[in-house]
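See below for the structure under consideration.
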Amino acid sequence: MSETHTEAVRTGARDECGVFAVYARGEDVAKLCYYGLYALQHRGQESAGIAVSNGRNILVTKEMGLVNQVFDEARLAAMDGHLGIAHVRYSTTGASTWDNAQPAFKVTPSGTGVALAHNGNLVNTADLARGLGPTGDRCTTDSELLATMVAADADVTLEEALVTTCRQATGAFSLVVMDESTIYGARDVNGFRPLVVGRLPRGGYVLASETSALDIVGAHLLREVEPGEVVAIDEHGVRTKRFADPKPSTCLFEYVYIARPDHRFPETTVYGARRRMGSLLAAESPVDADLVIPVPDSGTAAAGGYAEASGIPYAEGLVKNRYVGRTFIQPSQSLRQLGIRLKLNPLPDVIEGKRLVVVDDSIVRGNTSRQLVAMLRESGASEVHLRITAPPIRNPCFYGIDMATRAELIASGLSIAEICDFVGADSLAYLSLDALVSTTLRAKGSLCRACFDGEYPVPVPQEQLASGKDVLVQLTSPR
Ligand code: SF4
């Protein structure tokens with residue numbers, strides 16, 4: 001297929017990737033992978049891929065596009081096997097091209113295959129690539145680099161190679177890996193990105209970025225893969241190995257925006273956390289208003305919480321086009337005025353003459369919020385009070401969420417009052433960091449909060465911090 005890709009409209013933070021894996025004899029593993037990816041589609045909409053093995057060979061199919069554009073019945077039927085891994089991707093390092101779609105596939109010196117799919121971003125990519133010499137120079141993503149490292153050594157088992165690679169890699173990685181006979185899951189010592197293990201009702205195991213992908217295939221949640229742990233799953237069941245002591249700093253933004261509301265962290269569902277965000281926002285930043293409306297979908301649960309706590313009625317004042325993903329083809333200049341209306345359309349019947357509390361998850365660059373406020377006013381809102389379920393994002397993410405460069409983040413340069421002016425709202429308030437942390441039911445120290453408070457739990461190379469780039473070392477650029 002063509003390697004030219006359509007530019008995505010980039011209005012806010014973007015998810016990074018979703019991973020999934022199955023080991024289940026007697027099941028249609030390719031189809032289970034397909035359904036798993038379907039549940040994880042929100043985590044990546046640029047490419048989709050599945051690798052399966054029948055015990056002898058690994059077959060990889062990957063393409064640019066959504067899961068249901070990449071796979072059909074015929075394609076899945078051709079993928080015969082009892083184990084497999086799968087991936088949906090946004091590019092956070094490397095270009096958005098077929099070559100960089102995952103699973104990445106490598107052949108070891110002994111001739112066996114290795115497929116790997118990665119969610120997250122490493123922060124020591126350049127060092128790792130240097131360690132591989134010319135082979136490292138040819139890698140175009142940190143995920144390909146990991147696959148190359150895992151497959152490089154002829155003298156060790158894949159399990160040993162994976163453990164060694166995990167010890168060397170720094171930053172965010174939730175991995176699923178396979179050879180012809182075993183699937184593996186691995187999670188960095190900080191556990192930035194989620195990764196869970198589930199059991200299928202008729203036997204067999206599943207690994208997935210979110211519990212919603214277990215639910216869709218009927219798997220029962222066993223537990224999270226621990227930070228610093230590798231699990232191996234084969235015909236003997238599940239083995240586990242710790243490659244380092246855990247130092248948890250799970251991404252706080254997963255709760256705010258990235259994960260689906262039905263994802264279950266050990267302490268809470270994302271839905272429950274978002275309801276609490278809304279309630280606390282109402283307590284911290286009350287406003288005299290007629291209606292609470294969400295910016296769907298990530299603001300929906302929080303708007304419910306705000307309405308319940310404040311006693312202000314809740315209504316759906318914005319209709320979301322569910323078929324416009326978080327990326328879509330950039331409108332041509334003549335259609336640019338469509339802007340936010342491609343995704344959200346107001347309901348004047350609901351909004352007209354009303355003083356609105358509008359609950360949204362974040363403001364990244366500010367342009368979307370500005371368009372949103374203008375659109376609500378055009379539809380007759382008499383007042384627009386923006387309430388954001390997280391603190392201002394002042395720092396870029398180096399662990400796999402594609403937000404913006406520091407210079408592009410509106411809160412890195414402007415005060416809240418200035419942002420309010422820029423977006424044209426009557427008032428603007430953000431949830432405090434302590435309140436947000438409390439909604440997760442976890443200790444503050446076990447969460448990454450760097451985009452909000454600048455405390456990066458894993459040191460980021462100075463040149464990246466200085467440039468404030470959201471992407472890490474671009475492997476395709478000269479080192
Ligand atoms: S910097 Fe923000 S988005 Fe990135 S891992 Fe930390 S909390 Fe998540």
>> Could you give each residue of segment 397-411 its phi-based ³J(HN,Hα) in whole Hz, using Karplus coefficients 6.51, -1.76, 1.60 with θ = phi - 60°, and x for Gly or Pro?
In response: 9, 10, 10, x, 9, 8, 9, 4, 6, 4, 5, 7, 6, 4, 7
> Around SER362, which amide H atoms from residues at least 5 apart in sequence, or from another chain, sit under 5 Å from its own amide H, with H modelled in the peptide plane?
Replying inline: THR389
> If the viscosity is 1.306 mPa s and the temperature 10 °C, what translational diffusion coefficient in µm²/s does Stokes-Einstein give for segment 416-463 when Rh comes from Kirkwood over Cα pairs?
Replying inline: 121
> Which value, to two decimals, describes the C-alpha radius of gyration of segment 382-433 once divided by 2.2 N^0.38 Å?
Replying inline: 1.22
>> Please compute one quarter of the surface area of the Cα convex hull for segment 99-207 and express it in square nanometres.
In response: 7.1
>> So with the 1.4 Å probe, I'd like the accessible area per residue for segment 56-133, rounded to whole Å².
In response: 37
> Mean separation of Cα pairs under 8 Å and 6+ residues apart, divided by the residue count of segment 117-245: what relative contact order is that in percent?
Replying inline: 21
> Using alpha-carbon pairs under 8 Å, 6+ residues apart, how would you state the relative contact order of the chain in percent?
Replying inline: 15
> Based on the alpha-carbon gyration tensor of the chain, what equivalent-ellipsoid semi-axes (square roots of 5 times the eigenvalues) come out, in whole Å, largest first?
Replying inline: 39, 23, 22
>> Normalised by the empirical 2.2 N^0.38 Å for globular proteins, what value does the Cα Rg of segment 243-402 take?
In response: 1.11
> Which semi-axis lengths, in whole Å and largest first, follow from the square roots of five times the eigenvalues of the Cα gyration tensor of segment 47-94?
Replying inline: 21, 14, 7
>> Keeping all protein chains in the complex and leaving out DNA, RNA and ligands, what accessible area do you get for SER362 with a 1.4 Å probe, in Å² to the nearest 10?
In response: 20
> In whole Å, how far is the Cα centre of segment 152-170 from that of segment 350-380?
Replying inline: 50
> Taking all protein chains as present, what is the carbon and sulfur share of the accessible area of the chain, in % to the nearest whole number, probe 1.4 Å?
Replying inline: 51
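The values are calculated or read from the model by the stated rules, or taken from the named source; none is laboratory data. Note that the structure is a prediction, hence the values are computed from the model and not measured. Side chains are part of the model used for accessible areas, which takes the heavy atoms of the whole protein and leaves out ligands, DNA and RNA. Shrake-Rupley method; radii C 1.70, N 1.55, O 1.52, S 1.80 Å.
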